[in-house]
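The values are calculated or read from the model by the stated rules, or taken from the named source; none is laboratory data. It should be emphasised that the depicted structure is a prediction, and the values quoted were computed from it without experimental measurement. Positions of Cβ are generated from backbone atoms using ideal geometry, with glycine treated the same way; all protein chains shown enter the neighbour counts. Surface areas here come from the heavy atoms of the whole protein model, side chains and all, with no ligands, DNA or RNA. Shrake-Rupley method; radii C 1.70, N 1.55, O 1.52, S 1.80 Å.
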Amino acid sequence: MRSSKETKILNTICILLVLLAGVVRLLLWGSGKFGYNGLILALFTVSIFIWVCQLKRRLLQPHVRRNLMGVAAMMILWMAIRTMKYEFLIQKEHFSSRYAWYLYYVPLIFIPLLLFLSVLYIGKPHDRAISHWWNIFYLPAGILVAGVLTNDFHQLAFRFPGDFTTWSDDNYIHGPVYYGVLVWTAVLFVAVMAVVFVRCAVHGNQKKVWIPMIPFFVGIVYTLLYILKIDNVLTKMLTVPEIGCFLFAAFMEGLIIAHLFPSNDSYSDFWNASSIGAGIMDEEGVIHYKSQHSISVHEEQIREAENQAVFLENGSVALRSHRIQGGFCYWVKDVSEINHLNQMLADLGNVLVEENAMLEAENKMKEERTRIQQQNALYDDIAKKVSPQLDKISRLLDMPAQNESEFIQNMKYVSILNAYVKRCSNLLLLFHQNNRIESGELRLAISESLEYARLYGIKAHGAYQGEARLSGDSILLTYELFEAVLESAIPGANALLVNMDVRGDVLSLQMEINAPGTILSETILQEKMTTLGGTLNIEIDQQTEYISFMLPAGGESL
């Protein structure tokens, strides 16, 4: 899901604050003016707080939020220590300046650890924690921090020639603790990269995995420029703590943009784009979300609709609601067509009562009766064809959900059934108009059903080859078989592959379902298949069901 407008604006503000801090350093560095480091600290602190507020709003996984709060705290600590060292600790040989230098390594040790613990949640459900054994990594981190902070007693991190009264942060020898910190940081960053690539299993996310790699490569470029002491604007604008804080935040933001961390950003856009007329109201009566297909309703109407349907707009719309955590979810159903048909039947009855007195109207009524009979025959055919799905939809809408999650999943399943009802009705209308239907209509029907299957949580994909004008019976039988496979696979299935091939006089449909809820019976639609000369083959390999369907469609190439 793409980032919302609010997120883009706030991220832009954060970047501008960082750039402003760099401009401040370029303008004031070497001028002798006091306090520009404090101004830079303020700019970075505001930027970090804006970023943290975004994370609290967007991230679904509480453990990831907690870890990133820790990263933000460490970044502020890092910047504060640096500002204190260069602004307030004027006597460079004083022990306080030396300990401020030691404190640099606290965020350097803990930020990579918190990042590593965060990426371990990639691919996990938002309410499931990682193993508590990973917390053992805090032990070596604490040992390294203690080793650096107690360097004055053992000098195993930094060894100074002479005594501490003449110490300098540019005249020392690295000790084993320092190299331990380097190894610790390098290993954790390599582990972070490895986890990101290994757990990026979704094909759509693999295409975006390069996004969080951008800050990583920027950090490599900055490190090379810094080590080689090449004169450039980047190292002048941002010091190591500043570029480190910015790149850490940018890396995590890249993981969110690449959808490796689930977020609730732009959920309002998804809700508005829904084909269901529905909305969500809180306990105070404030409607927070309303789809484009919904109508204006009042708080009293929503509360009343919890127990019985409330009819609005002269009875053409039925309103129902259901209590959820923190408020109500409501939805509307258009019943105007039903009312219209009832009114037509009532009018027709009045005409029949007066037919003896209205001889001239009799001929018109006969024509109207013929038209209505044709429509009724078509409606009966449609109703008979989709009656199982309509019954399921009615039961799901009338059945109270136990919780919000169950309600949402029920609505997703209703969407799958509703897509079949709509597309099957459309195919029947085309069939009544012409005995032959273009295979593209079948492709569109299957594509829409797969789209709602993906909304339900199934990794669905369809491939289509060939175009022809086929027998309407063949098209309807193929789509009916596809729906039977889809409904038998739910719940349970997590992946569905469909390949439709139209070549000459043969229509073939191959399906592969991983972990279907129910295995399809080979006798399904047996009578229709025998009549049309179709063949159905079902194979099971461990948890995967393979279905192959072939039908002599009698097509005309397009």
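Residues in segment 223-237 that are open to solvent by less than 70 Å² (accessible area, probe 1.4 Å) and without any contact (Cβ under 8 Å) to a residue 24 or more places away in the chain were compared, and the one that is nearest to L19 (Cα to Cα) is L234. Meeting the requirement of 2 or more residues that are open to solvent by 30 Å² or more (accessible area, probe 1.4 Å) and without any contact (Cβ under 8 Å) to a residue 12 or more places away in the chain, the strands (runs of 3 or more DSSP E) wholly within segment 449-558 are 535-541. Cβ-Cβ contacts under 8 Å between residues 6 or more apart (or on different chains), taken from a first residue in segment 410-438 that is in contact (Cβ under 8 Å) with a residue 12 or more places away in the chain to a second residue that is of a type in the set (V, I, T) and not in a helix (DSSP H, G or I), are listed as M411/I276; Y413/I490; S415/I276; I416/I490; L427/I437; L430/I437; F431/I437.
Checking each residue of segment 195-204 against the condition of being open to solvent by less than 60 Å² (accessible area, probe 1.4 Å), in contact with a helix residue (DSSP H, G or I) (Cβ under 8 Å, 6 or more places away or on another chain), at negative phi and at pLDDT 75 or above gives at least one match. Regarding segment 437-444, can at least one residue be identified that is aliphatic (A, V, I, L, M), in contact with a Ser or Thr (Cβ under 7 Å, 6 or more places away or on another chain) and modelled with pLDDT of 85 or more? For segment 437-444, residues aliphatic (A, V, I, L, M), in contact with a Ser or Thr (Cβ under 7 Å, 6 or more places away or on another chain) and modelled with pLDDT of 85 or more: present. In summary, L247 fulfils each of the numbered conditions (1) at pLDDT 80 or above; (2) surrounded by 15 or more Cβ atoms within 10 Å (Cβ to Cβ); (3) among the aliphatic types (A, V, I, L, M) with the single exception of condition (1).
Residue by residue through segment 305-355, note down the ones that are among the β-branched types (V, I, T) and either over 36 Å from the mean Cα position of the chain (by Cα) or assigned to a strand (DSSP E or B) (or both). V310, V317, I324, V332, I338, V351, V353, listed by residue number. Among residues that are buried (at least 18 other Cβ atoms within 10 Å of the Cβ), in a helix (DSSP H, G or I) and among the basic types (K, R), R423 is included. When segment 285-308 is filtered for residues that are at pLDDT 80 or above and exposed (fewer than 14 other Cβ atoms within 10 Å of the Cβ), the ones remaining, listed by number, are V286, E300, N307, Q308.
If you go through segment 439-448 and keep only what is open to solvent by less than 60 Å² (accessible area, probe 1.4 Å) and either free of Cβ contacts under 8 Å to residues at least 12 places away in the same chain or under 17 Å from V421 (Cα atoms) (or both), you end up with E441, L442, A445, I446, S447, E448.
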